[in-house]
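These notes are about the structure you will find just below.
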Amino acid sequence: MSEQWVGFGVSGDEVIVVGLLLNPAGPTFTVVEEATWKLQKGDEAPAYRVMFEKVVNYLVEKKFQHIVIKGSSANPKGMNLAHLKSAELRGVVIAAAAKAMADVKVIGKATVSKNIGKRNTDEYIQDDKFWTEKLEQSVLKKKSREVALFILMASKQ
């Protein structure tokens, strides 16, 4: 039986959402959901509340079996305000996912690079051939590939 997974990635003021149906007979998957949600403009607290409710409602409605969230990672160039704002929004998504469902995995980028294969995460994201082999009758935007890669790695644990 196929498993339904959803992944969330946060970049700036956006939440990237990818839903996958993993094929149990092979290493392929089908994209069932792909969206980008922008944080509403204005005061942060109400905007975070709206995003929190959106994530909870989405997960309750869709009933995915597994949730994967791209965690924070260190930046060798240092942290700036944009990184901190992304971390705040990521925390909102993590809390909302935990409210909607118990099976939530938060995974850092370094973990994916170490566990998915011999290349680093960015090399997989750019490799069109890799994605052509993994996708079943689906198209996946390049900015969604990182989230999908996190799901693939988590599904092997």
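Computed 3J(HN,Hα) for segment 148-156, one whole-Hz value per residue from the Karplus formula 6.51 cos²θ - 1.76 cosθ + 1.60 where θ = phi - 60°, is 4, 4, 4, 5, 4, 5, 5, 5, 8, glycine and proline marked x.
Beta bridges assigned by DSSP with both partners in the chain are antiparallel in approximately 65 percent of cases. Using the Cβ-Cβ distance between N23 and S73 with R0 = 35 Å, the FRET efficiency computed as 1/(1 + (r/R0)^6) comes to roughly 0.75.
Among the listed pairs K109/K156; K62/K142; K109/K142, a Cα-Cα separation exceeding 21 Å is found for K62/K142. Where only DSSP H runs of four or more residues are counted, the chain gives -14500 deg cm²/dmol as its mean residue ellipticity at 222 nm, each run worth -39500 (n - 2.57).
Taking the chain as the reference, fit the longest principal axis to its C-alpha atoms, fit the long axis of helix 44-62 to the helix C-alpha atoms, and give the angle between the two in degrees, 0 to 90, nearest 10. Roughly 30 degrees, rounded to the nearest 10.
Straightening the chain between L81 and A98 buys 3.5 nm, computed as 0.36 nm per residue apart minus the Cα-Cα spacing. Relative to the dominant Cα principal axis of the chain, helix 81-100 is inclined by about 70°. Note that segment 8-17 has calculated 3J(HN,Hα) couplings of 10, x, 10, 9, x, 9, 10, 10, 9, 10 Hz, one per residue in order, obtained from phi through the Karplus relation 6.51 cos²θ - 1.76 cosθ + 1.60 (θ = phi - 60°); glycine and proline are x.
Placing a pseudo-label 7 Å from each Cα along the Cα-to-Cβ vector at K41 and V60 gives an inter-label distance of 3.0 nm.
Mind checking segment 1-83 for trypsin sites (Lys or Arg not before Pro) that DSSP puts in a loop (not H, G, I, E or B) and that have at most 14 other Cβ atoms within 10 Å?
K41, K63, K77
Under 8 Å for C-alpha pairs, at least 6 residues apart: give me the relative contact order for segment 3-155, rounded to a whole percent.
Across segment 3-155, relative contact order equals 30 percent.
Here the label points at K143 and E14, each 7 Å from Cα along the C-beta direction, are separated by 0.1 nm in the simple model. Only one of the values (1) 17.3, 60; (2) 53.0, 166; (3) 15.3, 47 was calculated from this structure for Rg and Dmax of the Cα atoms in Å; name its label. Checking each listed value against the structure points to (3).
Coordinate-derived values only; no laboratory data. Since the structure is predicted, the reported quantities are computational estimates derived from the model, not experimental observations. All Cβ positions, glycine included, derive from the backbone under ideal geometry; neighbour counts span all protein chains shown.
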